[in-house]
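Everything on this sheet refers to the single structure shown next.
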Amino acid sequence: MRERSPGREGGILKRVVRLTLRAISGAIDLAMTAVLILLLAFGCYALWDSSQVYQSADPARYEAYKPAEEDSLSFEELKSINSEVVAWLTVYGTGIDYPLVKAEDNDKYLDTDATGEHSTSGSLFLDYRNAADFSDYNTIVYGHHMSGDAMFGDVGKFADSGYFDEHRYGSLYSGGKEYGLEFFVFLETDAYDAVYSPAVTGTEAQSRYLDTLLSDAACRRNVGIDGTDRL
């Protein structure tokens with residue numbers, strides 16, 4: 001039996017180690033390439049998904065349904081598509097120009113658009129405890145705060161006193177009539193504040209509610225509110 005040379009065995013071992021290291025390196029490179037491809041694919045999907053969200057929130061998407069001064073047929077068409085459409089809200093000089101909807105809860109329109117289709121941008125919607133005809137003393141309208149001036153993205157701008165002063169009016173189309181809106185307070189609060197109490201009833205309770213708005217306001221103006229006004 002011939003004895004193996006230690007040098008020869010060492011050379012074989014080195015070649016095995018080199019081949020093993022190459023295989024490991026190749027596997028790592030392949031894995032890194034796969035990770036990079038997945039990250040790129042995820043990034044592209046995220047951009048596409050974000051684009052879809054903001055497209056669904058674009059006011060121009062609903063422009064064809066906006067009620068005209070002497071013709072509400074387009075608005076009635078939207079109501080025929082979704083019977084929970086109740087009004088149209090416009091805040092002059094902002095991106096807020098949308099139909100308003102009302103469901104049997106405050107969850108549905110967090111991710112449903114005004115046509116009744118699923119949409120992560122949701123809709124502007126009335127508190128389900130409010131009357132759909134805005135006959136309550138105070139009506140709460142909810143909407144997502146989005147960038148790009150979509151939905152209620154412009155609301156935060158009213159914290160600036162200059163912006164507040166320059167954006168005083170809006171309109172509400174409801175029940176076949178257009179009503180003027182005048183913005184008199186801006187306040188920042190949390191979700192558990194009393195201002196989120198819809199349909200406040202009773203003269204005393206309504207007076208307290210108005211006093212809370214005025215006392216907590218970051219910006220305010222005197223518009224001479226009386227008992228016939230609706231908030």
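The values are calculated or read from the model by the stated rules, or taken from the named source; none is laboratory data. If you're wondering where the values come from, they're calculated on a predicted model, not measured in any experiment. Note that we place each Cβ from the backbone using ideal geometry, even for glycine, and neighbour counts take in every protein chain shown. Side chains are part of the model used for accessible areas, which takes the heavy atoms of the whole protein and leaves out ligands, DNA and RNA. Shrake-Rupley method; radii C 1.70, N 1.55, O 1.52, S 1.80 Å.
Do the conditions hold for GLU178, that is, is it under 27 Å from ASP105 (Cα atoms) and under 21 Å from the mean Cα position of the chain (by Cα)?
On the way: under 27 Å from ASP105 (Cα atoms): yes; under 21 Å from the mean Cα position of the chain (by Cα): no.
So GLU178 does not fit the description; no.
Looking for something closer than 22 Å to TYR92 by Cα and part of a strand (DSSP E or B) - is there at least one such residue anywhere in region 129-144?
yes
Out of (1) open to solvent by 50 Å² or more (accessible area, probe 1.4 Å); (2) among the hydroxyl-bearing types (Ser, Thr, Tyr); (3) without any contact (Cβ under 8 Å) to a residue 60 or more places away in the chain; (4) closer than 20 Å to VAL223 by Cβ, what's the single condition that is false for TYR128?
So TYR128 meets the others, but not (4).
Restricting to region 191-210, name every residue that is of a type in the set (Asp, Glu), closer than 24 Å to HIS167 by Cβ and open to solvent by 50 Å² or more (accessible area, probe 1.4 Å).
none
Kindly indicate the residue of region 109-125 that is surrounded by fewer than 17 Cβ atoms within 10 Å (Cβ to Cβ) and of a type in the set (D, E, K, R) and also farthest from ALA60 (Cα to Cα) among those meeting that condition.
Result: ASP111.
In region 69-108, what residues are aliphatic (A, V, I, L, M), crowded, with 18+ Cβ neighbours inside 10 Å and under 18 Å from GLY176 (Cβ atoms)?
Selection gives LEU78, VAL85, VAL86, ALA87, LEU89, LEU100, VAL101.
Considering only residues that are in contact with a Gly (Cβ under 7 Å, 6 or more places away or on another chain), open to solvent by less than 40 Å² (accessible area, probe 1.4 Å) and either acidic (Asp, Glu) or in a strand (DSSP E or B) (or both), which ones fall in region 158-190?
SER171
Considering only residues that are of a type outside the set (A, V, I, L, M), in contact with a helix residue (DSSP H, G or I) (Cβ under 9 Å, 6 or more places away or on another chain) and closer than 24 Å to THR228 by Cβ, look in region 131-157 and name the one that is least open to solvent (accessible area, probe 1.4 Å).
Residue satisfying both the conditions and the ranking: ASN138.
Name the one entry in GLU117, GLU182, GLU188, GLU104 that is without any contact (Cβ under 8 Å) to a residue 40 or more places away in the chain and under 21 Å from LEU210 (Cβ atoms).
None of the other options fit; the residue is GLU188.
So that you can scan it fast, the table gives a plain yes or no per residue for (1) over 22 Å from VAL155 (Cα atoms); (2) touching a Pro at 6+ places or on another chain (Cβ under 9 Å); (3) among the aromatic types (Phe, Trp, Tyr):
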site	(1), (2), (3)
GLU182	no, no, no
GLU188	no, no, no
TYR192	no, no, yes
TYR196	no, no, yes
THR201	yes, no, no
GLU204	yes, no, no
ASP216	no, no, no
CYS219	no, no, no
